[in-house]
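J.: Sending over a structure as structure tokens; questions will come in a sec.
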Amino acid sequence: MIELEPVATVRGGRSEAMDDDWDREMAVVELDSRFDSDALSGLADFSHAEIIFHFDRVTDDRVETSARHPRGRADWPLVGIFAQRGKNRPNRLGVSVCAIVAVEGRRIHVRGLDAIDGTPVLDIKPVLREFLPRGEVRQPDWAGELMAEYWTRRA
């Protein structure tokens, strides 16, 4: 058994999980009171943070353990839960890279975090170039279609 205790909570941004247009969302990642502001010391020197969070509103009956059509679209292939990034994952873990706007005390102001208000944050990591993918990144066509408006709606 693995037990994790949240280190922070998402404050602000969306109150409901909706697909697309996440890059315009502003939110605050607020550290738990057991941490002082020194825990974030130096984070403002980075442009982005990787936020690991828990999809705490996904109920047991919604968890996927097999294959499904992403977003329920039958025109996209049936793919396993580990070949997509949906929220109905077995351990309900989300990972998002967002822009750091400011760090104030125990609060990180971010843009583009695709987690909703009240979401428990399990970890925060700075994004380092050296941890980005090495070499070419490939993905199937359906994934590109799905992500076309995920961060920003087309004008």
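J.: Just going by the charge dipole of the chain, with Lys and Arg at +1 and Asp and Glu at -1 on Cβ, which of Phe53, Met26, Ala67 is farthest out on the positive end?
T.: Of the candidates, Ala67 comes out farthest on the positive side.
J.: Would you mind calculating the gained length between Thr59 and Val79 on full extension (0.36 nm times residue separation, minus the Cα-Cα distance), in nm to one decimal?
T.: Values: separation 20, 0.36 × 20 = 7.20 nm, distance 2.12 nm.
Taking Thr59 through Val79 to full extension adds about 5.1 nm, to one decimal.
J.: Quick one: Kirkwood hydrodynamic radius for the range 103-155, alpha-carbon pairs, angstrom, one decimal?
T.: Values: mean 1/r = 0.0676 Å⁻¹.
One over the average 1/r among Cα pairs gives 14.8 Å for the range 103-155.
J.: In addition: Find, among the trypsin sites (Lys or Arg not before Pro) in the range 1-109, those assigned to loop by DSSP (not H, G, I, E, B) with at most 14 other beta-carbon atoms within 10 angstrom.
T.: Qualifying residues, ordered by number: Arg34, Arg57, Arg73.
J.: A further question follows. Relative to the Cα centre, what is the charge dipole magnitude of the range 8-147, using +1 at the beta carbon of each Lys and Arg, -1 at the beta carbon of each Asp and Glu, and rounding to the nearest 20 debye?
T.: Working: 20 positive and 25 negative charges, 46 e Å.
Approximately 220 debye in magnitude.
J.: Next up: May I ask you to derive the FRET efficiency for Glu149 and Ile2 from their Cβ-Cβ distance with R0 = 41 Å, giving the value to the nearest 0.05?
T.: Details: r = 35 Å, r/R0 = 0.85.
Calculated value: 0.75.
J.: Hey, got a sec? Which chymotrypsin sites (Phe, Trp or Tyr not before Pro) in the range 81-155 land in a DSSP loop and have at most 15 other Cβ atoms within 10 Å?
T.: Within the range 81-155, the qualifying chymotrypsin sites (Phe, Trp or Tyr not before Pro) (loop, at most 15 other Cβ atoms within 10 Å) are Tyr150, Trp151.
J.: Semi-axes, largest first, in whole Å: what does sqrt of 5 times each Cα gyration tensor eigenvalue give for the chain?
T.: 27, 19, 15
J.: Please build a GNM for the chain, connecting alpha carbons under 10 Å apart, and tell me which residue among Val58, Val127, Val95 fluctuates the most.
T.: Judging by the Gaussian network model, the answer is Val58.
J.: Cut-off 10 angstrom, C-alpha nodes, Gaussian network model of the chain. Which of Glu130, Glu64, Glu30 fluctuates the most?
T.: So, out of Glu130, Glu64, Glu30, the one fluctuating most is Glu130.
J.: Could you work out how much longer the chain between Arg34 and Arg138 gets when fully extended? Use 0.36 nm per residue separation minus the Cα distance between them, nm to one decimal. Each step should come with its number before you reach the end.
T.: Values: separation 104, 0.36 × 104 = 37.44 nm, distance 4.12 nm.
Value of the extension gain: 33.3 nm.
J.: Amide H of Phe55 versus every other amide H placed in the peptide plane: which residues, excluding those fewer than 5 positions away on the same chain, fall under 5 Å?
T.: Those lying under 5 Å, H to H, from Phe55 are Leu93, Gly94.
J.: Fewest Cβ neighbours within 10 Å first, please rank Ser41, Ser33 accordingly. Before the final figure, lay out the partial values.
T.: Working: Ser41 10, Ser33 7.
By the 10 Å Cβ count, ascending, the order reads Ser33, Ser41.
All of the numbers you see were taken from the coordinates with simple rules; none came from a lab. This structure is a prediction, so every number in the text was calculated from the model and none was measured. All Cβ positions, glycine included, derive from the backbone under ideal geometry; neighbour counts span all protein chains shown.
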